[in-house]
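The values are calculated or read from the model by the stated rules, or taken from the named source; none is laboratory data. No experiment lies behind these values; they were computed from the predicted model shown. Cβ placement follows ideal geometry from the backbone for every residue including glycine, while neighbour counts extend to all protein chains displayed.
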Amino acid sequence: MLALESVNQFYNETHILWDVDFKLEKGSFTCLMGRNGVGKTTCLRVMMGLLPARSGKVVFDGRELQGKPSDVRARLGIGYVPQGREIFGQLTVEENLDIGAVAIGLPRKVAVARKNRVFDIFPVLKKMLGRRGGDLSGGQQQQLAIGRALMLEPKVLILDEPCEGIQPNIVSEIGDILMRLNKEGLTVLLVEQKLPFARRVANDFVILERGRVVAKGPMPALTEEVVQRHLTV
């Protein structure tokens, strides 16, 4: 469904990603893991077209995406929830969701139907339609950010640390929702530092270390030995 093939990326002359190569199978739920500063967010930004790869390929559903901007990738079916959520704080909940629809030119009837689908998944958003995004709690903002991405009806949903700074009961709820969406056929790629959460929701893992893929496989293969070697600080 989505793959990085021998991707290299630099910040100025600092080599950040070194021949990164992994793929997401259709319907998979994969957690991209690693210590701070190893290139996880950079991987996601390259996938989404927010950063250009110096070399290598990004392939989505059989199509190479080199040179295609992020809005084109969104229209093709890649949803992205960035670290820090990046909702529009001065706009209402409804306006934030509408931006997701306007960005890809959805007809009004389709947009309304997708909004109702978001409300089915996150009922709290329907209760807060007129409230400004900046006035929501951290957990509510994260639900809004995911809901905005779901307005695109993506084939793949990419999330960068969606549990950061959120109270435990909302973290659990978000995990349940992501697993539900995955069971309904949505392919999910998640960057997550919380090991218990990752093990609960994901089926596969990929570990980066110093910009290189050093381990990957089904979640049961994420043994304590692998954790100690590549993830423990």
Which residue pairs have Cβ atoms closer than 8 Å, lie 6 or more positions apart in sequence or on different chains, and pair a first residue in the range 209-230 that is exposed (fewer than 14 other Cβ atoms within 10 Å of the Cβ) with a second residue that is in a loop (DSSP other than H, G, I, E, B) and modelled with pLDDT of 95 or more? P218/N203
By residue number, the members of the range 70-102 that are farther than 23 Å from V188 by Cβ and outside any helix (DSSP H, G or I) are F88, G89, Q90, L91, T92
Among the listed residues G175, G138, G133, G165, identify the single one that is within 23 Å of L2 (Cα to Cα) and among the small types (G, A, S). G175
Tell me, which residue of the range 83-102 that is among the aliphatic types (A, V, I, L, M) and under 29 Å from Q193 (Cβ atoms) is surrounded by the fewest Cβ atoms within 10 Å (Cβ to Cβ)? I99
Filter the range 22-37 for residues that are surrounded by 22 or more Cβ atoms within 10 Å (Cβ to Cβ) and either out of contact with any strand residue (DSSP E or B) (no Cβ under 9 Å at 6 or more places or on another chain) or not in a strand (DSSP E or B) (or both) and give the result. G34
The range 150-233: helices (runs of 4 or more DSSP H) wholly inside it with 3 or more residues that are aliphatic (A, V, I, L, M) are 168-183, 195-201
Is it true that some residue in the range 43-60 is closer than 22 Å to Q193 by Cα and either hydroxyl-bearing (S, T, Y) or modelled with pLDDT under 90 (or both)? no
Kindly indicate whether A113 is more than 14 Å from A149 (Cα to Cα), in a loop (DSSP other than H, G, I, E, B), among the hydrophobic types (A, V, I, L, M, F, W, C) and out of contact with any Cys (no Cβ under 9 Å at 6 or more places or on another chain). no
Just to check your reading of the model, which residue among G49, G37 is free of Cβ contacts under 8 Å to residues at least 60 places away in the same chain and closer than 12 Å to G211 by Cα? G37
Return yes or no: is V110 free of Cβ contacts under 8 Å to residues at least 12 places away in the same chain and not acidic (D, E)? yes
